[in-house]
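> A single structure is presented below for examination.
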Amino acid sequence: MTKQLQYKNITFSLSQAEEIGNHDMSFGIYINGELVGSTIYGIPEWEKIFSSEEEKDAFMYAADIEAHKEEARMKFEHEFGLAVEQADQLELSNDEIAEIMEERWSIPHQVMSAILPTSSESVKSFV
């Protein structure tokens, strides 16, 4: 799995670095197709990419959020055999799904709430 994302003027990719498990998953961080670090260990040579440590930290924060969402999507599919966009096919409420995912996969309720489909009047946010 590789997911391409945009952060300010940086296009980067997250690529699954390990098998699905009950622990936090690591994702490789690629910029311009080059592996520059991971979500677990950070970006060792960040000075080549960012002008300040604050800029690097802001990027890593955004990358971590996206990685957590992607991890939740992958674990949801593994658990239920459906893409998260198909969650309405389950006979479970979003709260019940979030409880299952937190109990079995250690995915926080906040992350699941950010990716589960909701009614049109609801607004999702995870920052």
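> Would you be able to say whether some residue in the range 11-18 is open to solvent by 100 Å² or more (accessible area, probe 1.4 Å) and either free of Cβ contacts under 8 Å to residues at least 60 places away in the same chain or under 25 Å from P108 (Cα atoms) (or both)? Don't jump to the end; show me each part of the working.
Taking the range 11-18 first, the residues open to solvent by 100 Å² or more (accessible area, probe 1.4 Å) are none.
There is no residue in the range 11-18 that is open to solvent by 100 Å² or more (accessible area, probe 1.4 Å) and either free of Cβ contacts under 8 Å to residues at least 60 places away in the same chain or under 25 Å from P108 (Cα atoms) (or both).
> Output the residues belonging to the range 75-100 that are surrounded by 17 or more Cβ atoms within 10 Å (Cβ to Cβ) and either within 24 Å of S38 (Cα to Cα) or touching a residue at least 60 places away in the same chain (Cβ under 8 Å) (or both).
Once the filter is applied, which keeps residues that are surrounded by 17 or more Cβ atoms within 10 Å (Cβ to Cβ) and either within 24 Å of S38 (Cα to Cα) or touching a residue at least 60 places away in the same chain (Cβ under 8 Å) (or both), the range 75-100 yields K75, F76.
> If A72 satisfies all but one of (1) without any contact (Cβ under 8 Å) to a residue 40 or more places away in the chain; (2) buried (at least 17 other Cβ atoms within 10 Å of the Cβ), what's the number of the condition it fails?
Among (1) without any contact (Cβ under 8 Å) to a residue 40 or more places away in the chain; (2) buried (at least 17 other Cβ atoms within 10 Å of the Cβ), A72 violates only (1).
> Being within 18 Å of F12 (Cα to Cα), of a type in the set (V, I, T) and open to solvent by 20 Å² or more (accessible area, probe 1.4 Å), is that true of even one residue in the range 44-52?
yes
> Can you tell me which residues in the range 54-63 are surrounded by fewer than 14 Cβ atoms within 10 Å (Cβ to Cβ) and under 15 Å from Y41 (Cα atoms)? Can you show your working first?
Taking the range 54-63 and keeping what is surrounded by fewer than 14 Cβ atoms within 10 Å (Cβ to Cβ), we get 54, 57, 61.
Answer for the range 54-63, where residues must be surrounded by fewer than 14 Cβ atoms within 10 Å (Cβ to Cβ) and under 15 Å from Y41 (Cα atoms): D57, Y61.
> Checking A67 against (1) under 13 Å from the mean Cα position of the chain (by Cα); (2) loosely packed, with under 11 Cβ neighbours inside 10 Å: exactly one of these is not met. Which one?
(2)
> Further, regarding this structure: Is it the case that Y41 is aromatic (F, W, Y) and crowded, with 17+ Cβ neighbours inside 10 Å? Steps first, please.
Details: aromatic (F, W, Y): yes; crowded, with 17+ Cβ neighbours inside 10 Å: no.
Considered against the rule, which asks whether it is aromatic (F, W, Y) and crowded, with 17+ Cβ neighbours inside 10 Å, Y41 comes out as no.
The values are calculated or read from the model by the stated rules, or taken from the named source; none is laboratory data. These figures come from a predicted structure and were not determined experimentally. Quick reminder, even Gly has a Cβ in these numbers, built from the backbone with ideal geometry, and neighbours come from all protein chains shown. Accessible surface areas use protein heavy atoms only, side chains included; no ligands, DNA or RNA. Shrake-Rupley method; radii C 1.70, N 1.55, O 1.52, S 1.80 Å.
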